[in-house]
Amino acid sequence: MRLENKVAVITGAGSGFGEGMALRFAEEGAKVVVSDINPDSAKRVADDINAKGGNAIVDVTDVTVAEQVNAMADNSVKNFGRIDILVNNAGMPQRNGPMLDTDEATFQKIYDVNVKSIFLTSKAVVPVMLEQKGGNILNIASTAALSPRPGLVWYNSSKGAVLTMTKSMAIELAPQQVRVNALCPVIAMTGMTVEFMGGEDTPEIRDKFQSTIPIGRMNTPQDLANAALYLTSDEASFITGVAMEVDGGRCI
């Protein structure tokens, strides 16, 4: 059991990559705080974990609101006594299209969910980790930060900010034994996919995206969950500040 007795808080855990990580972490012994803005989704995932003999609680949080993020941290400590792992997975896509067609409200939402949320969760959770004398933060970035696609300028740049935040946090928190890493997935069939495709999902559009991935398929939640498991386990105890590509060769 690679995460036995570890407490993991995962944002956006009600579906997609977040759900995959929540289930995988629970399989490896973690106590999981299934955090999501959608209460029904969070409950479904937590119920699934508990039905399989795991230990999960539901947390309903809008990661762009400081009071709710602070309550998430308090709720986690109240129920499990500590926070060993924080996965900043909640994300906001951008509909593929010309950069000038994005309005200010959409731009702000992308940055609030993808960037500001990490600021807020760090302010709420890092003090807990420092008091414990250690912890592990995993930020979900994207290949968009490393090899940007046209039509996703503002999303690409928000994930670039996530990578810089990851490395900056890693170097500042390393002396306190808090590791900070990032994962960079490529496109997958999640709730965001149709937006990345421009609002339309057809076999032709899927083929176009898959043709840029050398392994020849899209990412899956299991792909990302397995990489996340490694980086948050003690096996990666000497790894901090990395941006691991989980992309089937997309960024080569």
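General remarks:
- Arg95 meets each of the listed conditions (1) under 17 Å from Ile140 (Cβ atoms); (2) at pLDDT below 95 apart from (1).
- Among the candidates Val153, Val87, residue that is closer than 19 Å to Leu229 by Cα and among the β-branched types (Val, Ile, Thr): Val87
- Some residue of region 44-52 being more than 21 Å from Val125 (Cβ to Cβ) and outside any helix (DSSP H, G or I): yes
- Within region 13-27, considering residues that are within 15 Å of Leu3 (Cβ to Cβ) and out of contact with any helix residue (DSSP H, G or I) (no Cβ under 6 Å at 6 or more places or on another chain), the one surrounded by the fewest Cβ atoms within 10 Å (Cβ to Cβ): Glu27
- Among the residues making up region 38-69, a single one is in contact with a strand residue (DSSP E or B) (Cβ under 7 Å, 6 or more places away or on another chain) and among the basic types (Lys, Arg): Lys43.
- Cβ-Cβ under 9 Å pairs, at least 6 apart or on other chains, region 41-64 side more than 12 Å from Gly29 (Cα to Cα) and at pLDDT 95 or above, far side in a helix (DSSP H, G or I) and acidic (Asp, Glu): Ser41/Glu19; Arg44/Glu19; Val45/Glu19; Asp48/Glu19; Val58/Asp47; Val63/Asp112; Thr64/Asp112
The values are calculated or read from the model by the stated rules, or taken from the named source; none is laboratory data. Just so we're clear, the structure is a prediction, and the values are computed from it rather than from any experiment. Counting neighbours? That spans all protein chains shown, and the Cβs are built from the backbone with ideal geometry, glycine included.
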